[in-house]
Amino acid sequence: MDSEALASAGLLVDRTGPVLTVTLDRPAVRNAQTPAMWRALAAVGESVDEEVRVVVVRGSGHSFSAGLDRAMLDPSTIGGDVETVAGLLAGSDEEMSATIDAFQRGFTWLRDPRFVSVAAVQGHAIGAGFQLALSCDLRVAADDARFCMKESALGLVPDLTGTKPLVECVGYARALEICATARTVEADEAERIGLVAAVVPADQLDATVANLVGALTAPMAGAVRETKALLQGAADRSLDDQRRLEREAQVRRFRDVARVLVGG
């Protein structure tokens with residue numbers, strides 16, 4: 001998608017060297033999300049090239065994202081030109097599932113082992129906003145950040161791929177409590193229970209993320225990529241399988257390092 005199409009979906013995308021920054025840019029509605037935004041996010045993911053090493057996701061203004069734009073739930077919008085969540089009701093169960101699958105692709109690409117994704121979270125991270133932050137490998141939060149999985153309060157479930165990383169971060173019981181009660185998790189608690197890597201004053205968020213990006217891009221790209229791939233799914237593998245994958249990855253790393261040294 002070109003920059004104009006992305007902007008119409010509420011996104012700004014900037015590439016500086018190996019760092020891709022994706023900004024949710026609907027500050028007037030606290031970066032509330034729409035199906036058009038989810039499809040645009042998926043398109044961004046499909047266009048990421050091999051040179052990108054870090055993807056930073058952030059929000060314009062004072063919030064990361066207040067979640068789904070409530071206008072997208074208005075039944076009166078069904079049949080209009082704008083794709084809405086309410087419009088799902090017009091399809092069969094299979095069609096609804098396929099559409100949600102397409103929406104989820106706007107989130108799943110952030111787990112690609114080719115790069116490390118970082119969410120810079122300030123203000124509200126609610127519902128889809130919370131799930132977008134959870135889709136990233138790392139989260140750095142301002143001290144005014146507030147996380148909430150609001151779906152149950154609407155009679156719905158989190159369906160934008162946030163349930164798995166939430167359980168991985170905080171465990172099943174805590175994840176169930178957070179989702180079922182739709183309560184707000186303040187920044188200090190988020191850090192304490194492992195939802196975020198760090199909490200900093202709001203005016204230090206940009207600098208902290210920049211420092212993290214610098215640290216992530218300092219090692220050889222292959223080392224970080226192989227490490228991320230090893231850690232993803234490690235909890236679900238046997239020790240023997242993990243040992244084998246470590247060996248295979250290390251052989252590739254030795255070969256790569258040797259090529260660099262010889263080339264130098």
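Rule-based calculations on the coordinates, nothing more; no lab input. Remember, it's a predicted structure, so these values are computed and weren't measured experimentally. Backbone-built Cβ (ideal geometry, glycine too); neighbour counts: all protein chains shown.
The table for this structure:
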quantity: Size of the stretch 21-157 as Cα extents on the principal axes (Å, biggest first); calculated: 40, 34, 24
quantity: Formal net charge of residues neighbouring Asn31 (Cβ-Cβ distance under 13 Å; K, R +1; D, E -1); calculated: +1
quantity: Rg and Dmax of the chain, Cα atoms only, in Å; calculated: 19.2, 66
quantity: Nearest 10 degrees, 0 to 90: helix 172-181 Cα axis against the chain principal axis; calculated: 20 degrees
quantity: Charged-residue dipole, Cβ positions (Lys, Arg, Asp, Glu), the chain about Cα centre, Debye nearest 20; calculated: 860 debye
quantity: Residue-wise HN-Hα coupling along the stretch 36-50, computed from phi with Karplus coefficients 6.51, -1.76, 1.60 (Hz; x: Gly, Pro); calculated: 4, 5, 5, 5, 5, 4, 4, 5, 4, x, 5, 9, 5, 9, 5
quantity: 0 to 90° range, to nearest 10: angle between helix 221-231 axis and the chain longest Cα axis; calculated: 70 degrees
quantity: Order of His124, His62 under a 10 Å beta carbon neighbour criterion, fewest first; calculated: His62, His124
quantity: Built amide H within the under 5 Å cut-off of Ala145, gap 5+; calculated: Gly123, Ala187
quantity: Rule-of-thumb Rg ratio for the stretch 221-263 [Cα; 2.2 N^0.38 Å; N residues]; calculated: 1.28
quantity: Under-5 Å amide H pairs with Val56, H placed in peptide plane, nonlocal only; calculated: Leu20, Thr21, Val22, Val118
quantity: Over the chain: helical MRE at 222 nm, DSSP H runs n ≥ 4 each giving -39500 (n - 2.57), nearest 500; calculated: -13500 deg cm²/dmol
